[in-house]
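Right, one structure below, let's go through it.
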Amino acid sequence: MRYRSPRGTQDILPELQPYWHHIVQSAENIATKYNYKKIDTPMFEDTDLFLRGVGEGTDIVEKEMYTFLDRGGDSLTLRPEGTASICRAYIEHGMHTLPQPVRLYYIAPAFRYERPQRGRFRQHHQFGLEAIGDGSPIIDAEIIELAYQYLYSAGISKMQFMINNIGDKSCRPMFVNALVEFYKKRLDDICEDCRLRFSKNPLRLLDCKRTDYLCQQMIGDSPHTVDYLCTECDEHWNRLLSYLDSLNINYIINPRLVRGLDYYTKTVFEVHPQESGSQTALLGGGRYDGLMEELGSKPVPGIGFGSGIERIVGELRTNKNFVIKELIPDAIMIHIGSPASLEVIKIASSLRNEGMNIVIAPDGRSLRGQMRYAESMKASYVIIIGQNEIDSGLAQVKNMSNGTQKSCPINELSPDSFSNID
RNA sequence: GUGAGCGUGGCCAAGUGGUUAAGGCGCCUGUCUGUGGCACAGGAGAUCGUGGGUUCGACCCCCAUCGCUCACCCCA
């Protein structure tokens, strides 16, 4: 085969469309209940937006961006995630003059240059949403509840909803300091990746999954972010937990959850299916109170999440608890001879105008061949018009499920013609 | 970027050195010259991922390359 879809991309074939439709409907339905409004932003942005927004030290920026120069020499990047673009739009369109917070959602493709594997693609699609302009933990609770409702209504009933608080710029340095102190004396016990993390990005020491060194034991004994929160972050954290408790949301406090993007502050969360291996996160997000300032605005707090639609489709398919209904024609038009074909395209057109799903059988096949076609399409009814029918003015209408057939005047064919053929 | 496994018609898949590369699904046709589902018969569709090498001879062995899949890193 000469051409294939580019590496890490995929065609969403008709048989998978019902899953997508269902998930997108759940997303829009839930978002609308919480009064989030839809926004679309360009598929690419100035590269600099992501360098600043996502953070220069992150894996996304260091090795995963789809960056290119356009004909004018400007550096552009296919968006690797949604939040930076939304914040740019908020600033660009002066949304700080709207009632705060501004609630927005999007359904859009995202791009990362990675080696594809299960649940990971170079182009994937995200449903995400952001609440910008309110730093209260009541918004955190709203977003988390919304995320839960969305996954639940999409068909994910069993999930691990993990949350943590990683502090802000005033208290996180103290935690990182404590973490570094804790690891400093035991560098020989941890894997080489962790030694790299130690010097580059200590927070991610907590992310290590290797079991061939003492990393796991170290993580278990290491300090917890929530023990080092400043007064403000601590109060935020406690209020959020009490909101979640009063909403009866099941969450797991995961002190190891630190997330890969630089912009997160305070609340972070991630959702995995009940049985999960690697890269199974269905949804992830958190608060980003410093991001707008980083992008050149006055300080404006924000929080949001992104969820991977492909991964949710994958979950629904493996659990097989989603019933797909096929698109089946109401009737197939069978025609023998060219006078009949002339008649049939007109009838098909008028029946469609009355709301029916009509397919004209392939031209040039025998009656038998066209009947076989109708059978394979699982059509409920068939309308047969040949020379006899043209001459008599009476079409044959056949009920495919029980085989009974009756004649009906060609110029009176309508949705009612199918109603009483038993 | 690192490591492993795998590449035979649209899909599944046999063949592992030797004349025309099984079979199944699907598609089309006929038996039934104007009536489907079943059955039977037939047809179309493959330069065996690509390039090189070994050999009298390669789908099969060797090398390279590309692609796919999975894992690591990290994430949706």
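Using only the Cα atoms of the stretch A:77-153, build the gyration tensor, take square roots of its eigenvalues as a ≥ b ≥ c, and label the shape rounded, prolate or oblate: rounded if a/c is under 1.5, else prolate if a/b is larger than b/c, else oblate.
oblate
Report the far tail of the P(r) of the stretch A:211-360, meaning the percent of Cα-Cα pairs longer than 24 Å.
Tail of the P(r) past 24 Å holds 61 percent of the pairs.
What's the angle, to the nearest 10 degrees (0 to 90), between helix A:83-92's Cα axis and the longest principal axis of chain A?
Approximately 90 degrees, to the nearest ten.
Hey, which of these cross-link pairs are over 27 Å Cα-Cα: A:Lys38/A:Lys63; A:Lys209/A:Lys320; A:Lys320/A:Lys378?
A:Lys38/A:Lys63; A:Lys209/A:Lys320
If chain A were replaced by its equivalent ellipsoid, with semi-axes equal to the square roots of 5 times the Cα gyration tensor eigenvalues, what would those be, largest first, whole Å?
The equivalent ellipsoid of chain A has semi-axes of 56, 22, 22 Å.
Principal axis extents for the stretch A:331-418, Cα atoms only, whole Å, descending order, please.
Cα extents, longest axis first: 28, 27, 22 Å.
What number in nm² do you get for the stretch A:1-48 if you take the convex hull of its Cα atoms and divide its surface by four?
6.2 nm²
Enumerate the amide H contacts of A:Ile253 below 5 Å, restricted to partners 5 or more residues apart or on another chain; note that Pro and chain-start residues carry no placed amide H.
Excluding prolines and chain starts, which carry no amide H, the hits are A:Ile163.
Relative contact order for chain A: what is it in percent, counting Cα pairs under 8 Å that are at least 6 residues apart?
Relative contact order comes out at 15 percent.
Helix-only mean residue ellipticity at 222 nm, chain A, DSSP H runs n ≥ 4 weighted -39,500 (n - 2.57), per residue, nearest 500. What is it?
-10500 deg cm²/dmol
Run the quick spin-label model on A:Asp11 and A:His93: label points 7 Å from Cα toward the beta carbon, then report their separation in nm to one decimal.
Once both label points are built, they end up 3.5 nm from each other.
Which of A:Val180, A:Val397 has the fewest other C-beta atoms within 10 Å, and how do the rest follow up to the most?
If I rank by nearby Cβ atoms, fewest first, I get A:Val180, A:Val397.
Kindly identify the stretch A:316-379 as rounded, prolate or oblate by the Cα gyration tensor criterion: order the square roots of the eigenvalues as a ≥ b ≥ c, call it rounded if a/c is under 1.5, otherwise compare a/b with b/c, prolate if a/b is larger, else oblate.
Oblate, since a/c reaches 1.5 and b/c is not below a/b.
Express in nm, to one decimal, how much length is gained between A:Ser338 and A:Ile138 on full extension, taking 0.36 nm for each residue of separation and deducting their alpha carbon distance.
Contour length minus Cα-Cα distance gives 65.1 nm.
Loop-only check: which GluC sites (Glu not before Pro) in the stretch A:235-341 are DSSP coil with at most 15 other Cβ within 10 angstrom?
A:Glu275, A:Glu326
Report ³J(HN,Hα) in whole Hz for each residue of the stretch A:61-70, in order, from the Karplus equation J = 6.51 cos²θ - 1.76 cosθ + 1.60 where θ = phi - 60°; Gly and Pro get x.
After applying 6.51 cos²θ - 1.76 cosθ + 1.60, I find 6, 6, 9, 10, 7, 8, 10, 8, 9, 8 Hz.
What are the trypsin sites (Lys or Arg not before Pro) within the stretch A:315-375 that DSSP puts in a loop, where the Cβ has at most 10 other Cβ atoms within 10 Å?
A:Lys320, A:Lys325
Evaluate the charge dipole of the stretch A:36-177 about its Cα centre and quote only its size in Debye, nearest 20, assuming +1 on the Cβ of each Lys and Arg and -1 on the Cβ of each Asp and Glu.
Its charge dipole is roughly 480 debye.
Can you pull out the trypsin sites (Lys or Arg not before Pro) in the stretch A:118-226 whose DSSP state is coil and whose Cβ has at most 11 other Cβ atoms within 10 Å?
Of the trypsin sites (Lys or Arg not before Pro), the ones in loops of the stretch A:118-226 whose Cβ has at most 11 other Cβ atoms within 10 Å are A:Arg118, A:Lys158, A:Lys169, A:Lys185, A:Lys209.
Please name which of A:Met95, A:Gly55, A:Met65 has its Cα lying farthest along the dipole of the stretch A:5-113 towards the positive end, using unit charges on Cβ (Lys, Arg +1; Asp, Glu -1) and the Cα centre as origin.
A:Met95
Which residue, A:Ser349, A:Ser417, A:Ala361, has the largest displacement toward the positive end of the dipole of the stretch A:331-418 when charges sit on each Cβ (Lys, Arg +1; Asp, Glu -1)?
A:Ala361
Using +1 at the Cβ of each Lys and Arg and -1 at the Cβ of each Asp and Glu in chain A, identify which of A:Thr265, A:Asn164, A:Val24 lies farthest towards the dipole's positive end.
Selected residue: A:Val24.
Provide the percentage of antiparallel DSSP beta bridges, counting only those with both residues in chain A; round to the nearest 5.
Given both bridge residues lie in chain A, the antiparallel proportion sits at roughly 80 percent.
So what's the projected area for the stretch A:59-104, the Cα convex hull averaged over all directions, in nm²?
Orientation-averaged projected area of the Cα hull: 4.4 nm².
To the nearest 20 Debye, how big is the dipole of the stretch A:334-382 about its Cα centre, given +1 on the beta carbon of each Lys and Arg and -1 on that of each Asp and Glu?
140 debye
Tell me which aspartates and glutamates have Cα within less than 16 Å of A:Lys37's Cα, excluding those fewer than 8 residues away on the same chain?
A:Glu28, A:Glu130, A:Glu142
Label-point separation (nm) for A:Lys378 and A:Arg195, each offset 7 Å from Cα along Cα-to-Cβ?
The two pseudo-label positions are separated by 6.0 nm.
Using a 10 angstrom cutoff on alpha carbons, build the Gaussian network for chain A and name the most mobile of A:Met356, A:Met174, A:Met292.
Checking each option, the largest mean-square fluctuation is seen for A:Met356.
First select every other residue whose beta carbon is under 13 angstrom from the beta carbon of A:Tyr243; then total the charges, Lys and Arg +1, Asp and Glu -1.
It works out to a net charge of -4.
Over the stretch A:331-418, calculate the relative contact order: mean separation of alpha carbon pairs under 8 Å at least 6 apart, over the residue count, as a percent.
31 percent
About the Cα centre of chain A, how large is the charge dipole given +1 on each Lys and Arg Cβ and -1 on each Asp and Glu Cβ? Please answer in debye to the nearest 20.
1000 debye
Put a dot 7 Å past each Cα toward the Cβ at A:Met43 and A:Asn250; how far apart are the dots in nm?
4.0 nm
Report the Cα centroid-to-centroid distance between the stretch A:352-407 and the stretch A:274-306 in angstrom, as an integer.
For the stretch A:352-407 versus the stretch A:274-306, the Cα centre distance is 56 Å.
Any read-out appearing in this document is the output of simple, stated calculations on the displayed coordinates, not a laboratory observation. These numbers were taken from a predicted model, which means no experiment stands behind them. All Cβ positions, glycine included, derive from the backbone under ideal geometry; neighbour counts span all protein chains shown.
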